[in-house]
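Input: a single structure, listed below in structure tokens.
Rule-based calculations on the coordinates, nothing more; no lab input. Bear in mind that the values here come from a model prediction, so they are computed numbers and not experimental data. Ideal geometry is used to build each Cβ from the backbone, glycine not excepted, and the neighbour counts take in all protein chains shown.
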Amino acid sequence: MARSLIRAGFDVAGLDILPAQEFGDLTPYMTDVVKFAAGRRIVLSVVRDVAETEQLLFDDQALVTRPASAIDTLLICSTLSPRYVLALRERIPAKITLIDAPMSGAAVSAEEARLSFMLGGTDDELNRLQPLFDAMGDKFHRLGPYGAGMTAKVLNNFCAATSTAGTRAVLGWAEKLGVDEKRMLEVLQDSSGQNWMATNFERIEFARDGYAPDNTLGILAKDLESLLDALPKKEAAGLAQELIDYIRAMKPL
């Protein structure tokens, strides 16, 4: 995402808890929290989960509570509980515009500037930010007021999780039943079993991974828990929790 913004001519700076030299060609763009908060007006938060969001915004880095912070627009791009995202509005200074802008497409789409964004905010706010989105993606869904984008994202990720689990199960069964994996994927592409995971299986970086708390399958399970947090209790029981358990049991393929 940073590379796409740089290519489009934006003034970009990066902030991370890892040393700057770990970011290769982006090392010159990495900075410390004091310079970052004082020098950035628009911030895209792309951390992993609620705990890291808390650290970034309020605790360790405290981006939005620093007296010298120049931030006037904050985009929440992480996939988080919609309930948590809505509650942020009461905790973040009113002078800061809040936009939820989670994205979909995995690393391959980020690298190719083909991300799909699910956006929550007013049309005026989103129109102002559209050049940023244009630099990083090619599909933009305006879902309604702040919070609507995150709600759509966790619902989307339920479908993503079902197709991930289903495709992985089918490929494992195909091997046991004597059907070649490549040919099975071709069948899925051309038939009623077609889905994003199967179509992009050889390009998705986590397609063959087993579950680990710190990898992409771990993130997918976290995203499902974000959906559970948003659902009424009677809707949260059953399939969604079973899908989380299935993903957590996945072995490398």
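Some notes on this structure:
- Residues whose amide H comes within less than 5 Å of that of Leu115, counting only those at least five positions distant or on another chain, are Gly137, Asp138 (H built at 1.01 Å from N in the peptide plane).
- Under Karplus coefficients 6.51, -1.76 and 1.60, residue-wise ³J(HN,Hα) of the stretch 138-152 in Hz, glycine/proline x: 9, 9, 9, 10, 8, 9, x, x, 3, x, 5, x, 5, 4, 5
- Selection of GluC sites (Glu not before Pro), the stretch 195-234, meeting DSSP coil and at most 13 other Cβ within 10 Å: Glu202, Glu205
- Using θ = phi - 60° and Karplus 6.51 cos²θ - 1.76 cosθ + 1.60, couplings along the stretch 229-244 (whole Hz; Gly, Pro as x): 5, 7, 7, x, 3, 5, 8, 6, 6, x, 4, 4, 5, 5, 5, 4
- Amide hydrogen neighbours beyond the local backbone of Met30, cut-off 5 Å, H modeled: Gly14
- Mean separation of Cα contacts under 8 Å, 6 or more apart, over the residue count of the stretch 151-248: relative contact order %: 33
- The modelled label-to-label distance for the pair Thr199/Ala107, using points 7 Å beyond Cα in the direction of Cβ, is 2.2 nm.
- Sites Arg128 and Asp32 - FRET efficiency at Förster radius 35 Å, r taken between beta-carbons, to 0.05: 0.80
- Residue-span extension gain [Arg89 to Asp25] - 0.36 nm each, minus C-alpha spacing: 19.5 nm
- Degrees separating the helix 181-190 axis from the principal Cα axis of the chain, which is the longest one: 70
- Percent RCO, i.e. relative contact order, over the chain, from Cα pairs under 8 Å lying at least 6 residues apart: 15
- Around the amide H of Gly144, modelled in the peptide plane, lie the amide H atoms of Gly121, all under 5 Å away and 5 or more residues distant in sequence or on another chain.
- A helix-only calculation puts the chain at -14500 deg cm²/dmol for mean residue ellipticity at 222 nm, using -39500 (n - 2.57) for each DSSP H run of at least four residues, averaged over all residues.
- Helix axis angle, 82-91 relative to the chain longest principal axis, alpha carbon, degrees: 10
- Dipole of the chain, positive end: most advanced residue of Cys159, Ala110, Gly14 [Cβ charges, Cα centre]: Cys159
- For the stretch 1-88: Kirkwood Rh in Å [reciprocal of mean 1/r, alpha carbons]: 13.7
- For the stretch 151-248, alpha-carbon Rg over 2.2 N^0.38 Å: 1.13
- Computed magnitude of the charge dipole of the chain (debye, nearest 20; Cβ of K, R +1, Cβ of D, E -1): 340
- Unit Cα scatterers, Debye sum, the chain: log10 I(q)/I(0) for q = 0.15 Å⁻¹: -1.15
- Under the criterion of Cα pairs below 8 Å and six or more residues apart, the relative contact order for the stretch 2-145 equals 18 percent.
- Of the residues Asp180, Asp100, the one with the fewest other Cβ atoms within 10 Å heads the list, and the complete ranking is Asp180, Asp100.
- ³J(HN,Hα), Karplus 6.51/-1.76/1.60, whole Hz, each residue of the stretch 61-70, x for Gly, Pro: 8, 6, 4, 8, 10, 5, x, 8, 5, 9
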